[in-house]
Amino acid sequence: MPIIRIICLCAVILGILSAKDDSPNPYTLPKDGAYYLEHNTEILNNFLEQVKKQSEERNYPFFRSRPLVEHTVYRTLSPKEKESLQGGIVLTRFFLSSFIRYSHLGGVGVGGKFTKNAENEMYFSFDGRYLSDLKALGLGREIFAYCVLPRFDKCIMLGIGEEW
């Protein structure tokens, strides 16, 4: 009888040990910007709409003690209002339409459009560390960014899983 119990116990233990673990391995999950951007797009769109609403009311939220204005609203401001926001941050959403240049010192310049079929292209300057993410995302991809006013330089991409 004890031998049967030992055999049964061994069978149970082997069954437990051989059970397949279906939980996802965190080391095999994709970790590129496209993966994170896909999961963060809805949150970013909601955030953009809230900032746009506050920008239209001239009740700018602040990011690190700088006023934050939505890009399409910024374009409608008077020159005097734009001047008062110099050094502030613009929140922009655009579709990547071209790669302009890359330099180790100056970063990467890109062209973007508010809609995929828009005629006018705007230009943004990102730090060089974003080159691989921008290339991986590819032309036509929706991009969210903070850029320093008034030149839309020193841009940082939002929603790509970058740690701050």
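Of all the numbered requirements in (1) over 20 Å from Asn45 (Cα atoms); (2) surrounded by fewer than 16 Cβ atoms within 10 Å (Cβ to Cβ), Val110 misses one, and that requirement is (2). Arg58 satisfies every condition listed in (1) farther than 17 Å from Cys147 by Cβ; (2) basic (Lys, Arg); (3) surrounded by 13 or more Cβ atoms within 10 Å (Cβ to Cβ) except (3). For the range 16-48, a residue qualifies if it is over 30 Å from Ser84 (Cβ atoms), modelled with pLDDT of 90 or more and polar (S, T, N, Q), and the qualifying residues are Asn40, Thr41.
Scanning the range 113-135 for residues that are small (Gly, Ala, Ser) and exposed (fewer than 14 other Cβ atoms within 10 Å of the Cβ), we see that the one that is nearest to His71 (Cα to Cα) is Ala118.
Val51 passes every criterion in (1) under 21 Å from Ile160 (Cα atoms); (2) at pLDDT below 95 apart from (2). Looking across the range 131-143, the residues that are in a helix (DSSP H, G or I) and more than 11 Å from the chain's Cα centre (by Cα) come down to Leu131, Ser132, Lys135, Ala136. Please verify whether Tyr146 is part of a strand (DSSP E or B), at pLDDT 95 or above, surrounded by 13 or more Cβ atoms within 10 Å (Cβ to Cβ) and not aliphatic (A, V, I, L, M), treating the condition exactly as stated. Judged against the criteria, Tyr146 is a match. Is it the case that the range 76-98 has a residue that's crowded, with 17+ Cβ neighbours inside 10 Å and farther than 24 Å from Glu49 by Cβ? Looking for residues that are crowded, with 17+ Cβ neighbours inside 10 Å and farther than 24 Å from Glu49 by Cβ, one finds none in the range 76-98, hence no.
The values are calculated or read from the model by the stated rules, or taken from the named source; none is laboratory data. Bear in mind the structure is a predicted one, so any value in this text is a computation, not a measurement. Positions of Cβ are backbone-derived with ideal geometry, glycine not excepted, and every protein chain shown enters the neighbour counts.
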